[in-house]
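Remarks on the structure that follows.
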Amino acid sequence: MNAVLEELGKIGIVPVIKIDDVEKAVPLARALIAGGIPCAEITFRTAQGEEAIRRISKEVPGILPGAGTVLSVDQVDRAVKAGAKFIVSPGLNPKVVSYCVSKGIPVTPGCSNPSDIEQALEFGLEVVKFFPAEQAGGLDYIKAIAAPYPTLKFMPTGGINAGNIAKYIAYEKIHACGGSWMVSADLINSGDFAKISALSREAVLNLLGLEVAHIGVNAGGEEAASKAAALFNTLFGFIVKDGNSSVFAGNNIEIVKKAAPGTHGHVAIGTNSIHRAAAYLERNGVALDHASAKKDAKGNLVALYCKEEILGFALHLVQKK
């Protein structure tokens, strides 16, 4: 997959932005980065869109800028010249898509039915926009039309908000979600960039769904682990589940039999999307131990340790089921 599209998938949220005052573009981009969303789809709905992309591209190197509501080849050229790294359109315009493909420009056209999707596949696209998402049937509809197209991923846009983004992003065929609730015109025009940062961070955390999955304690041996699990059962009625390398007492306490990461044990952090959570941590300077990665039978990442400990406890991400 194209490197730009891969990066959008790791971020998971693409703010869809309408710029009325180009002077707001740069502080807006910086507010998004501060909130943990280093990308922006600047729409061509207003005359300021092109210049906004140009200023963001020049002055905010930490963000991935794209152009949205692109309706013509001329707009593609203008957007790319201004610094756009990807193109998004509300529908599938064959001329626009063909031009972008011929130039190697990442493009995600809007598709809302199998006929649109099959045109996109003819162009060799791997990601399409699903628009308008909620109005066109939402996640249930995406699941229904996605079944015959196993290699295709979707970027739903339209009606996505803080309350439903986690539901969308948990589906494996969702590449990223487009949304504007954290970058509303009122917030941008009033210059409330602190609020935009706060809503962006809330959106990221809703998407990732980070929470403690279980606590692991190193017992130093099989006998000690079994005794500890039995005591949890006696005291609290926690059901003991014995495994090869550890014993669980209930669902949230893991007693590790043999040597494992962490001086005293580990804290497992569950997430809706482990590869996005890993990318989020790395963007925030957290070193990950990629050699510790565990995958399921389908090759999907399900667990990954951080390199640093907290108070003698290792940290690792686990994919929620």
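What does the extension gain come out to for F123 and Y141, with contour length at 0.36 nm per residue minus their alpha carbon separation?
4.2 nm
How compact and how long is the chain, expressed as Rg and Dmax of its alpha-carbon atoms in Å?
Reported Rg and Dmax, both Å: 22.6, 73.
With contacts defined as alpha carbon pairs under 8 Å and 6 or more residues apart, what's the relative contact order of region 111-244 in percent?
Relative contact order here is 16 percent.
Starting from 0.36 nm per residue, how many nanometres of slack lie between L205 and K95 once their C-alpha separation is accounted for?
Details: separation 110, 0.36 × 110 = 39.60 nm, distance 3.81 nm.
Gain in length upon complete extension: 35.8 nm.
For the chain, modelled as a Gaussian network with Cα springs under 10 Å, which listed residue fluctuates most, G243, G91, G36?
G243
Among E59, E172, E223, which one shows the highest mean-square fluctuation when the chain is modelled as a Gaussian network with alpha-carbon springs under 10 Å?
E223
222 nm [θ] for the chain, helices only, -39500 (n - 2.57) per DSSP H run of 4+, per residue, to 500?
Helix-only estimate at 222 nm: -11000 deg cm²/dmol.
How high is the FRET efficiency between I310 and K103 when r is their beta carbon distance and R₀ equals 45 Å, given to the nearest 0.05?
The formula returns an efficiency of 0.40 here.
DSSP beta bridges in the chain, what fraction antiparallel, as a percent rounded to 5?
Antiparallel: roughly 40 percent of the beta bridges in the chain.
Of S245, S98, S200, which has the largest mean-square fluctuation in a 10 Å C-alpha GNM of the chain?
Per the Cα network of the chain with a 10 Å cutoff, S245 tops the list.
How high is the relative contact order of the chain, in percent, counting Cα pairs under 8 Å that sit 6 or more residues apart?
Value for the chain: 14 percent.
What are the ³J(HN,Hα) couplings of region 250-262, residue after residue, when phi is run through the Karplus curve with 6.51, -1.76, 1.60 and θ = phi - 60°? Round to Hz, x for glycine and proline.
Once θ is set to phi - 60°, the couplings for region 250-262 become x, 9, 10, 10, 10, 10, 7, 6, 10, 4, 8, x, x Hz.
Can you list the residues of region 234-271 with backbone N under 12 Å from a point 7 Å past the Cα of A224, pointing along Cα to Cβ?
Counting backbone N atoms under 12 Å from the label point, the list is 256-260, 264-265.
With θ set to phi - 60°, apply the Karplus curve 6.51 cos²θ - 1.76 cosθ + 1.60 along region 63-73 and write out the HN-Hα couplings as whole Hz, x wherever there is a Gly or Pro.
Coupling constants for region 63-73: 10, 9, x, x, 10, x, 6, 8, 10, 8, 4 Hz.
Can you give the extra length, in nm with one decimal, that the chain gains between A34 and A259 once fully stretched, where that is 0.36 nm per residue apart less the Cα-Cα distance?
Stretched out fully, the A34 to A259 stretch lengthens by 77.1 nm.
Apply 1/(1 + (r/R0)^6) to the Cβ-Cβ distance of E172 and D20, taking R0 = 35 Å, and write down the FRET efficiency to the nearest 0.05.
On the way: r = 37 Å, r/R0 = 1.06.
With a Förster radius of 35 Å, E is 0.40.
Treating the beta-carbon of each Lys and Arg as +1 and of each Asp and Glu as -1, no other charges, what is the dipole magnitude of the chain about its Cα centre, to the nearest 20 debye?
On the way: 32 positive and 31 negative charges, 52 e Å.
Roughly 260 debye for the chain.
With θ taken as phi - 60° and the coefficients 6.51, -1.76 and 1.60, list the Karplus ³J(HN,Hα) couplings across region 295-307 in order, rounded to whole Hz; mark glycine and proline as x.
Whole-Hz 3J(HN,Hα) from phi for region 295-307: 10, 8, 4, 8, x, 7, 5, 10, 7, 7, 8, 7, 7.
Return a whole-number percent for the relative contact order of region 214-269, with Cα pairs under 8 Å and 6 or more residues apart as the contact set. Working shown, then result.
Values: 104 pairs, mean separation 27.6, N = 56.
Value for region 214-269: 49 percent.
Going by the alpha-carbon gyration tensor, a ≥ b ≥ c the square roots of its eigenvalues, is region 112-210 rounded (a/c under 1.5) or, if a/c is not under 1.5, prolate (a/b greater than b/c) versus oblate?
prolate
Throughout, read-outs are computed from the coordinates displayed, never taken from laboratory work. Nothing here was measured: the structure is a model prediction, and the numbers come from that model. We place every Cβ from the backbone using ideal geometry, glycine too, and count neighbours over all the protein chains shown.
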